[in-house]
Amino acid sequence: MTTRARQFDGAIGASIKGFDLTHAGEPCDLESLREAVEQRMTQLLLESGDQADLLAAAMRAGALSAGKRMRPLLVMLVARDLGCTSPALVDVACAVEMVHAASLILDDMPCMDNARLRRGRPAIHVQYGEDVAILASVALLSRAFGVLATAGDIPPVTRARLVARLSETVGTQGLARGQYQDLHGGARTLDAIATTNELKTGVLLGVAVDMAAIIAQADERVATSLRAFALAAGHAFQIRDDFLDLPGTESGKDTGKDQGKSTLLASLGFEEAQRRLARYLDDAQQHLEDALGPQGGTHLFVGGLFAKGRARLRVPLDAARREALVN
């Protein structure tokens, strides 16, 4: 019997670049949406300072470096699938991506994960120094809230809801708490590991779909299904990242940073972690279908992301990586 997870990622293939998505019968190229995000992010960050300004340069390096743009694209695709085509969508999407970029800068700091490589390039603190990196992260967070607060074509009450939702994501209910637990959790139960993963990975996916639902004025049933999708997808991506952290894996960032930490991969082992990943993919697809139906741009986009992740995990572990896993 073919599982939903296999249907979900197998039908899409390894790449969706240039795939024509549709909304209300009109073609929508995924790369056009991505380019809209890139251009608007560049415009918004040019206002932060000139090229000679190291702080502004660090902000741009952190936010405009190569990336999948998964979270801003989720904002735009989910909202479009819900029938919203507001021109303010791109600003909402950029605000989410700025928060994501700020979190990565802080995650890489020596006092946090002590990573020197991000997306195939030196981490921001390596390029610009720790002091500039911290300030750039704070400035990106500030810019994100400013962009939301001044976004046009959004009723004031909706803007207030968007700002409040994003603030929850950053603070002690979200990213800050997740990073703290990751650093100070020590030996943890599977439930505690899952909670940390939700706060570190799931919350940014959750805010992406929540903000799409808010701006599209979706009903609570749809919003609840979207949150459940984001939760399951966040767990799936975190398990994938656990695999990609193993030494010898080419991921564009430092590997081996999770050695000594309590992770699902370390706790469950390779085979059970793969089974757990498949279950999360299955759950994610079901919740997405409950919210948006079986068709649409979001379904195709997320299916492509999962297809790429699963393809990477089919490579057998060599002896060194198996030893790193058990140690």
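FYI, it's all coordinate maths here, none of it is from the lab. These numbers were taken from a predicted model, which means no experiment stands behind them. Cβ sites come from the backbone with ideal geometry, for glycine too, and all protein chains shown count toward neighbours.
Assorted remarks:
- Positive contributions from Lys and Arg (+1) and negative ones from Asp and Glu (-1), summed over other residues with Cβ under 14 Å from the Cβ of T158, come out at 0.
- Here's how it looks for R118: its modeled amide H is under 5 Å from those of A123, which are all 5 or more places away or on a different chain.
- Computed from the C-beta positions of V138 and Q217, the FRET efficiency with R₀ = 41 Å rounds to 0.80.
- Modelled this way, with points 7 Å down the Cα-to-C-beta line, the labels at R177 and V126 are 3.3 nm from one another.
- Taken over region 93-167, the ratio of Cα radius of gyration to 2.2 N^0.38 Å equals 1.27.
- Formal net charge of residues neighbouring E97 (Cβ-Cβ distance under 9 Å; K, R +1; D, E -1): +2
- Euclidean distance of C-alpha centroids, region 120-172 and region 88-114, integer Å: 7 Å
- Each residue of region 162-176 was assigned a 3J(HN,Hα) from its phi angle through the Karplus curve 6.51 cos²θ - 1.76 cosθ + 1.60 (θ = phi - 60°); the sequence is 5, 4, 4, 5, 5, 5, 4, 5, 7, x, 6, 8, x, 4, 4 Hz, with glycine and proline shown as x.
- Count Lys and Arg as plus one, Asp and Glu as minus one, and take only other residues whose Cβ is under 12 Å from that of L64; the net charge is then +3.
- Taking label points 7 Å from Cα along the Cα-to-Cβ direction, V157 and R279 give a separation of 4.2 nm.
- Taking 0.36 nm per residue of sequence separation and removing the Cα-Cα distance, the E47/T150 pair yields an extension gain of 35.7 nm.
- Charge dipole (region 30-326, unit charges on Cβ, about Cα centre) - positive-most of V37, A57, T298: T298
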